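Below is one structure; the comments refer to it alone.
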Amino acid sequence: MDSALCVKRQQFSMHCEALEEDIKLLSEPFKVFDFDFWRRPDGHRVMELSVQATNTGTVHAIISWWLLQLDEKSTIFYSTAPKWISCPSSMEGFNSSISWSQNWCDHWKQCVWFIPKKGLSLLKDEEVSLLAVHTDTSISYEMKTLSQNLELGQSELSAQKYQITLLPEKIALYSDVNWRCSMLKAIKNAMKQKTPSLCVVVDDSIFLAVALSHLAKGSHVLSLFPGLQEKGAQYLQAVAAANGYSKDHVEVQKMSELLTSQSSQEKIDLLVGEPFYYGNNSVLPWQNLRFWKDRSLLDSILSEGAVIMPCKGLLKACAMSLPDLWQSHQCLQHVEGFDHSVVNSTLGACGGLPPGQENPTLPFSVWQCGESKKMSDIVTIMEFNFLKTISPCSGKAKVEFITHGKCHGFVLWIDWVMDTEESIVLSTGPEQRYWKQGVKLLKEPVAVGSHRSATTDCHSADIETSFDPSTGDLIVDYAFL
């Protein structure tokens, strides 16, 4: 039922530079809209284009960017396209006057519009009609072929009541067979420990809700769906028959209702989460420790020996060289004779902060952050024990540098331990594209090297963290040795 679960129909900002090896171009670049900044904005415009395929393949997305004309005579242009995009043939005469950004810039992302379902298949030299619409704040696209229009119309009518739209990263995670197999194995292992009478999914994981409803035939399954709420309940009902469970087998309740209804009744034998909270799109990794808080709120109605999944979280870290990210977030001072320092806090500037100001830890998808290199091995700073109720905790670890170069900051994330034997551990580190990591940029880059090198560079650093459950904040301190 691919129409029931899909990517949200909007443009997503992404650094497509990192996708060069994963993308096959099916057309030359083409102009969609002309915006004349000398005139009042149109507000709303529709453009229908005919685009010819240069390769055979399936269109999964449309990538768009700005080509900025910087002078009135049309002699100077600036492109925000990825470096692997060539100049369109219609502008070959202007090629010498187009400036391509040589430096990676965090603010020059491209826009990605995903084609619904499994995309649109094209043959080389085939033409497709593209409908583009812009408002004051957004641009949307539609591939117009007769067969797809009919198909889209029917699916939208049938799915509009229970359709759930998720971010591309979440759809990609649910499409990852290795992740699904790991989660299913963890669920089956948990059910072997204790035959559950009552199973509760505390977060917005529709995957776990459906999986438990299918696997735990003799159990009562409850999902809290704090973000999805009624839409999540409608989804579970809609996909019940396709996944082999009855509609009355799973129920959606609010936390307050669960605490009231279960206080004198059956206890929770199995409590699970990915963790995933709908709407927490650009948050630091430890914001998902909301799972620990929710588990603690339900502590009074957990049965003796209740199975908690995940049972533990491991705060991991490593030192990294991130020259592009650091340069892009360096503090502004005087630019072309003007003092821009007043906007540093608004823009979240990190590098080169004045004395007394501390760099914040910010969420980034490290795989999209330009040039990057690990400067140390991965260390575990502290553990979050979900078998116990939530409490303040702190930890410290020593980072040993393994290579020579510049360290621009520390990257932190949480690995989720799904079982007490620690046989299934799901990492959210920088090698993974489904999650953001927390990045603590340094005020100034530090020259580092391994102990085997004869340089006077720093060979190690201490990282110390403390977690405050009342605010959900994680404080990160470091010292180079």
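The values are calculated or read from the model by the stated rules, or taken from the named source; none is laboratory data. Because the structure is predicted, anything quoted here is derived from the model rather than measured. With ideal geometry, Cβ positions are generated from the backbone for all residues, glycine too; neighbour counts draw on all protein chains shown. Accessible surface is based on the protein model in full, side chains and every heavy atom, while ligands, DNA and RNA are left aside. Shrake-Rupley method; radii C 1.70, N 1.55, O 1.52, S 1.80 Å.
Quick check: is even one residue across segment 226-239 assigned to a helix (DSSP H, G or I), open to solvent by 20 Å² or more (accessible area, probe 1.4 Å), among the hydroxyl-bearing types (Ser, Thr, Tyr) and within 26 Å of Lys117 (Cβ to Cβ)? Within segment 226-239, one or more residues are assigned to a helix (DSSP H, G or I), open to solvent by 20 Å² or more (accessible area, probe 1.4 Å), among the hydroxyl-bearing types (Ser, Thr, Tyr) and within 26 Å of Lys117 (Cβ to Cβ). Considering each residue of segment 416-429 in turn, at least one proves to be within 30 Å of Leu19 (Cα to Cα) and either at pLDDT below 95 or small (Gly, Ala, Ser) (or both). Evaluated against (1) modelled with pLDDT under 95; (2) in a strand (DSSP E or B); (3) open to solvent by less than 60 Å² (accessible area, probe 1.4 Å), Gly370 falls short on exactly one condition, (2). Taken together, Lys192, Lys247 contain a single residue that is farther than 23 Å from Ser303 by Cα, open to solvent by 10 Å² or more (accessible area, probe 1.4 Å), among the charged types (D, E, K, R) and more than 25 Å from the chain's Cα centre (by Cα), which is Lys247. Restricted to strands (runs of 3 or more DSSP E) entirely inside segment 1-59, those with at least 2 residues that are closer than 30 Å to Ile164 by Cβ and touching a residue at least 24 places away in the same chain (Cβ under 8 Å) are 5-7, 12-14, 57-59.
If you filter segment 28-46 down to residues that are aromatic (Phe, Trp, Tyr) and open to solvent by 60 Å² or more (accessible area, probe 1.4 Å), you find that the one that is nearest to Leu122 (Cα to Cα) is Phe30. Given the structure, is His60 open to solvent by 100 Å² or more (accessible area, probe 1.4 Å), under 31 Å from the mean Cα position of the chain (by Cα) and of a type outside the set (Val, Ile, Thr)? It is true that His60 is open to solvent by 100 Å² or more (accessible area, probe 1.4 Å), under 31 Å from the mean Cα position of the chain (by Cα) and of a type outside the set (Val, Ile, Thr).
Within segment 76-89, if we keep just the residues that are open to solvent by less than 70 Å² (accessible area, probe 1.4 Å) and either of a type outside the set (Phe, Trp, Tyr) or in a helix (DSSP H, G or I) (or both), the residue that is modelled with the lowest pLDDT turns out to be Ser89. Contact annotation: residue pairs with Cβ atoms under 7 Å, 6 or more positions apart or on different chains, pairing a residue in segment 266-294 that is in contact (Cβ under 8 Å) with a residue 24 or more places away in the chain and over 20 Å from Leu474 (Cβ atoms) with a partner that is among the charged types (D, E, K, R) and surrounded by fewer than 19 Cβ atoms within 10 Å (Cβ to Cβ), are Asp269/Lys194. Of the residues making up segment 1-27, those that are touching a strand residue (DSSP E or B) at 6+ places or on another chain (Cβ under 8 Å), open to solvent by 70 Å² or more (accessible area, probe 1.4 Å) and modelled with pLDDT of 90 or more are Ser13, Lys24. Looking only at residues of segment 93-123 that are more than 27 Å from Ser175 (Cβ to Cβ), in a loop (DSSP other than H, G, I, E, B) and open to solvent by 60 Å² or more (accessible area, probe 1.4 Å), we find that the one that is modelled with the lowest pLDDT is Gln102.
Can we say Ser466 is open to solvent by 40 Å² or more (accessible area, probe 1.4 Å), more than 25 Å from the chain's Cα centre (by Cα) and at pLDDT 95 or above?
Against the criterion (open to solvent by 40 Å² or more (accessible area, probe 1.4 Å), more than 25 Å from the chain's Cα centre (by Cα) and at pLDDT 95 or above), Ser466 does not qualify.
Would you call Ile475 open to solvent by less than 10 Å² (accessible area, probe 1.4 Å), in a strand (DSSP E or B) and either closer than 28 Å to Glu169 by Cα or aromatic (Phe, Trp, Tyr) (or both)? In short, no. Scanning segment 333-362 for residues that are hydrophobic (A, V, I, L, M, F, W, C) and within 14 Å of Glu444 (Cα to Cα) turns up Ala349, Cys350, Leu353. Would you confirm whether any residue within segment 379-399 is open to solvent by 30 Å² or more (accessible area, probe 1.4 Å), closer than 22 Å to Ser460 by Cβ, of a type in the set (D, E, K, R) and part of a loop (DSSP other than H, G, I, E, B)? No, because not a single residue in segment 379-399 is open to solvent by 30 Å² or more (accessible area, probe 1.4 Å), closer than 22 Å to Ser460 by Cβ, of a type in the set (D, E, K, R) and part of a loop (DSSP other than H, G, I, E, B).
Of these, Lys188, Lys217, which one is among the charged types (D, E, K, R), assigned to a helix (DSSP H, G or I) and farther than 20 Å from Lys293 by Cα? On inspection, the qualifying residue turns out to be Lys188. For segment 417-438, taking the residues that are of a type in the set (A, V, I, L, M) and in contact with a Cys (Cβ under 8 Å, 6 or more places away or on another chain), the one that is nearest to Ser365 (Cα to Cα) is identified as Val417. Kindly indicate whether Ser372 is over 17 Å from His107 (Cα atoms) and within 23 Å of the chain's Cα centre (by Cα). Yes: the conditions hold for Ser372. Does segment 135-145 contain any residue that is farther than 30 Å from Arg40 by Cα and in a loop (DSSP other than H, G, I, E, B)? Yes: segment 135-145 contains one or more residues that are farther than 30 Å from Arg40 by Cα and in a loop (DSSP other than H, G, I, E, B).
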